[in-house]
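Peer 1: Please find one structure pasted underneath; my questions will follow.
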Amino acid sequence: MRIVIKVGTSILTDKNSGLLNKKYILCLAKTISELQKDNHEILIVSSGAVIAGRAHTDVNIKSKTLKYKQAFAAIGQPLIISTYSNAFVKYGKMVAQILLTRDVFNERVKYLNARNTLNTLIKNNIVPIINENDSVSIDELNFGDNDTLAALVAVTINADKLVIFTDVDGFYYGNLARSSIIHKIEKITEEIEKFASESSSSGKGTGGMKTKISAAKIAGASGVDTIIMNGLKLSLLKNIIMDNYHEGTIIKAQKQFLEAKKSWIAYSKKTKGTIYVDKKASEILLNKGKSLLAVGIIKVQGNFQRGDTVNIACTDTKKDFARGLTNYDNVTLEKIKGKKSTDIKNFMNIIEDEVIHRNKLVLI
Ligand code: GLU
């Protein structure tokens, strides 16, 4: 099985000092090398760079500004990698560092290159340790959190499971005072999303359950099951990945999932705007498998270019229901929205009849 394991800051670093928990990383290396012996391929998405960087810096800098956060990430990242490397070496294993930024997922060539590198590493039993390249990511264009990054990695390399380690035993569902862990989720309902957004973040990392559930949605849409479990209980990992529903929470992937190129369109690329369509167009897109034409467009929002990913929403419900690669930029769309292709051809040259071709459109 191919498994992506996301290890968060709250597990990797000491609650009070922020220093890296070397003992834990050693146990993790042991567990992973045992899984490799059983022929599992493992990738780690590891947080902790910023907190560890700050904690290991002698100077007492309390600043939380972006430039310090980025500097701390640059200090913490090599510390994390050397700790992993020292731990894995004890079990005869090598690790490799991969730092990703959002644009890698936006540009198909970079994306395919990253995928090749990851595949080559895991095929050779080397454990990729992946993090966001925080020191160079710009704020408006980052992953936001490593749960999302881990889901995108899992989709990229066609993983079977995405395991998200957290510091609680799973996804708590129900009245907060009497909540219990739900061990198996067949489908992420609106109610589950509501509980997830009400759950608080665990402190040092950036994600509470909300980001974990939205990561599970990304993974699930592409056929990857997600497991949310207590990362401190490493002995449970072996059982949980074999779909034992007594510990943690297993969120099953959708039965009909997206092919690789479509999942890249739907989830890997950052959306640049929204095209609002009328009810008739939304029904045709949802039920008839057709392309989006200018005639059904009511409103265009955002600045985007040909080839960018945009959301498609219905003016009635205001909800996004699809995503796709647009053939036209927003300025051209403003001119042609609501018009039939034949009418548009009378006043301007258009290259394609479809604003978004069906092959580049995904219902979400
Ligand atoms: N990339 C950040 C770090 O390594 C953490 C992001 C997260 O925890 O979600 O510090």
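The values are calculated or read from the model by the stated rules, or taken from the named source; none is laboratory data. Only a predicted model underlies this, so the values are computations on that prediction, with no experimental measurement involved. Cβ sites come from the backbone with ideal geometry, for glycine too, and all protein chains shown count toward neighbours. Quick note on the areas: whole protein, heavy atoms, side chains included, nothing else; ligands and nucleic acids left out. Shrake-Rupley method; radii C 1.70, N 1.55, O 1.52, S 1.80 Å.
Peer 1: Classify region 205-257 from the C-alpha gyration tensor, please: rounded if a/c falls under 1.5, else prolate or oblate depending on whether a/b exceeds b/c.
Peer 2: Oblate.
Peer 1: Rounded, prolate or oblate: pick one for region 28-113, where a ≥ b ≥ c are the square roots of the eigenvalues of its C-alpha gyration tensor, a/c under 1.5 means rounded, and failing that, prolate if a/b is larger than b/c, else oblate.
Peer 2: oblate
Peer 1: At a probe radius of 1.4 Å, what is the per-residue accessible area of GLU352, in Å² to the nearest 10?
Peer 2: Rounded to the nearest 10, the figure is 50 Å².
Peer 1: Using a Gaussian network for the chain with springs between C-alpha atoms less than 10 Å apart, which of these wobbles most: ILE157, ILE138, ILE351?
Peer 2: Among ILE157, ILE138, ILE351, the largest mean-square fluctuation in the Gaussian network model of the chain belongs to ILE351.
Peer 1: Continuing with the same structure: Accessible area of VAL109, 1.4 Å probe, to the nearest 10 Å²?
Peer 2: We get 110 Å² for VAL109.
Peer 1: Follow-up question, since we're still on this one. Is any residue of region 34-53 close enough, with backbone N under 19 Å, to a label point placed 7 angstrom from the Cα of THR120 along the Cα-Cβ axis, and if so, which?
Peer 2: 42-44
Peer 1: May I pose another question? Mind putting a number on the dipole of region 254-319 about its Cα centre? Charges go on the C-beta only, +1 for Lys and Arg and -1 for Asp and Glu, and I need it in Debye to the nearest 20.
Peer 2: My answer is approximately 120 debye.
Peer 1: Please label the shape of region 262-311 as rounded, prolate or oblate, based on the square roots a ≥ b ≥ c of the eigenvalues of the alpha-carbon gyration tensor (a/c under 1.5 means rounded; beyond that, a/b larger than b/c means prolate, else oblate).
Peer 2: oblate
Peer 1: Something else: Tell me, what % of the accessible area of region 190-327 is carbon and sulfur with a 1.4 angstrom probe?
Peer 2: For region 190-327, the apolar C and S fraction of the accessible surface comes to 49 percent.
Peer 1: Under a plain spin-label model, where a point goes 7 Å from the Cα along Cα-to-Cβ, how far apart in nm are ASN39 and GLU259?
Peer 2: The modelled label-to-label distance comes out at 2.8 nm.
Peer 1: Please work out how much length the chain gains when fully extended from GLU352 to LYS252, using 0.36 nm per residue of separation minus the C-alpha to C-alpha distance, in nm with one decimal.
Peer 2: Full-extension gain reported as 32.1 nm.
Peer 1: Continuing with this model, one more query. Sort GLU198, GLU354, GLU132 by heavy-atom solvent-accessible area, probe 1.4 angstrom, most to least.
Peer 2: The ordering from most to least exposed comes out as GLU198, GLU354, GLU132.
Peer 1: Give me the dipole magnitude in Debye, nearest 20, for region 118-164 about the Cα centre, with unit charges on the beta carbon: positive for Lys and Arg, negative for Asp and Glu.
Peer 2: Result for region 118-164 is approximately 400 debye, rounded to the nearest 20.
Peer 1: While we're looking at this one, here's another question. Can you tell me the FRET efficiency between LYS233 and GLN97 if r is taken as the Cβ-Cβ distance and R0 is 30 Å, rounded to the nearest 0.05?
Peer 2: Rounded to the nearest 0.05, the efficiency is 0.65.
Peer 1: Out of THR332, THR148, THR83, any idea which swings most in a Gaussian network model of the chain, alpha carbons joined below 10 Å?
Peer 2: Residue with maximal mean-square fluctuation among THR332, THR148, THR83: THR332.
Peer 1: Provide the gained length on full extension for the span THR189 to SER82, in nm with one decimal, where the gain is 0.36 nm per separating residue minus the Cα-Cα distance.
Peer 2: 34.4 nm
Peer 1: Please state the relative contact order of region 296-351 as a whole percent: Cα pairs under 8 Å, 6+ residues apart?
Peer 2: 37 percent
Peer 1: Have a look at the DSSP beta bridges in the chain and tell me what percent are antiparallel, nearest 5.
Peer 2: 40 percent
Peer 1: Between ASN16 and LYS335, 0.36 nm times their residue separation minus their Cα-Cα distance comes to what?
Peer 2: Fully extending the segment from ASN16 to LYS335 adds 109.1 nm.
Peer 1: Using a 1.4 angstrom probe, figure out how much accessible area region 12-114 has per residue, in square angstrom, rounded to the nearest whole.
Peer 2: About 51 Å² of surface per residue is accessible.
Peer 1: Moving to a separate point now. Where nothing but the Cβ of Lys and Arg (+1) and of Asp and Glu (-1) is charged, how large is the charge dipole of region 1-68 around its Cα centre, in debye to the nearest 20?
Peer 2: 280 debye
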